[in-house]
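Asker: Below you will find the structure I want to go over with you.
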Amino acid sequence: MPDYVVEALSRTAISDAFPMMHLVMPKLDLQAWRRFARFTLKTSRERPAGILIVRRSARHYICGLVCYRLEADMACGRIIQARNLIGIDILNPRPIILLLVRHLGLLAQSNGCKAVHIRIPNGESVATLLPGLLGRDGLHGRVRRMRNVELSLKDLLSDEEMRVD
C-alpha cells in the first residue's frame, strides 16, 4: 500500500490543485479557482476555513482534496462543513477518501465541533462510494438528501485503528 501525506494546501500549490477541482467542477476556470483558494486560505478566528490535500509521499502530485470551513448548525452547534471531497486513484481511491475524512474529524475535534457534514457534488463518484466506505471502516454516517453525509465525532475518532487496504 502506498504511503500518503495529508496536508493543508499551500499558496504555492494552488495551481497544482486545479486539476482536482476541475474534476469536481468542470466549468470552473483557473482564475476563479485561484481567487477561491486564496480567499479560503486567508483564515481567521472569525472565519476558520481551509483546503486539505493528499499526495503520495514518494510523489508530489495531488491525488485528493477537500475544502472545509467551520460553521454554526442549529441542531449540532459548531460543525465542520466540507465540500468538494475527491480522491483519485485508478485502482483504489478508498485510502485517499478515508484519510481526508479522518483528518476532517481531527480538525473538528481540535476546533470544538460536534460533527462533520460533507456535501458531495452531484454526479460525483464519491457520492456512491463514501457511505459504503464508512460502514465498512466502523464509521457511521447519516446520508441526507443523497448528497449530504453527516458524521459524528465519536464515529470519526474511535479508538480503533483505521485500516485502509
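Asker: For the stretch 19-59, how many residues meet the condition of being under 18 Å from the mean Cα position of the chain (by Cα), over 16 Å from ILE86 (Cβ atoms), polar (S, T, N, Q) and at pLDDT 90 or above?
Answerer: 0
Asker: Here's a follow-up. What number of residues within the stretch 66-89 are over 25 Å from PRO19 (Cβ atoms) and in a strand (DSSP E or B)? Don't jump to the end; show me each part of the working.
Answerer: From the stretch 66-89, those over 25 Å from PRO19 (Cβ atoms) are 70-79; that's our starting set.
Next cut, in a strand (DSSP E or B) only: 70-73, 77-79.
Summing the residues that are over 25 Å from PRO19 (Cβ atoms) and in a strand (DSSP E or B) in the stretch 66-89 gives 7.
Asker: Of the conditions (1) surrounded by 12 or more Cβ atoms within 10 Å (Cβ to Cβ); (2) of a type in the set (Gly, Ala, Ser); (3) within 20 Å of HIS103 (Cα to Cα), ALA32 satisfies every one except a single condition; which number is it?
Answerer: Single failed check for ALA32: (3).
Asker: Continuing with this model, one more query. Would you pick out the residues in the stretch 56-78 that are of a type in the set (Gly, Ala, Ser) and closer than 19 Å to ILE90 by Cα?
Answerer: From the stretch 56-78, those of a type in the set (Gly, Ala, Ser) are 57-58, 64, 72, 75, 77; that's our starting set.
Across the stretch 56-78, the qualifying residues are SER57, ALA58, GLY64.
The values are calculated or read from the model by the stated rules, or taken from the named source; none is laboratory data. In this text, all values refer to a predicted model and were calculated from it rather than measured experimentally. Here the Cβ is made from the backbone with ideal geometry for all residues, glycine too, and neighbour counts use every protein chain on show.
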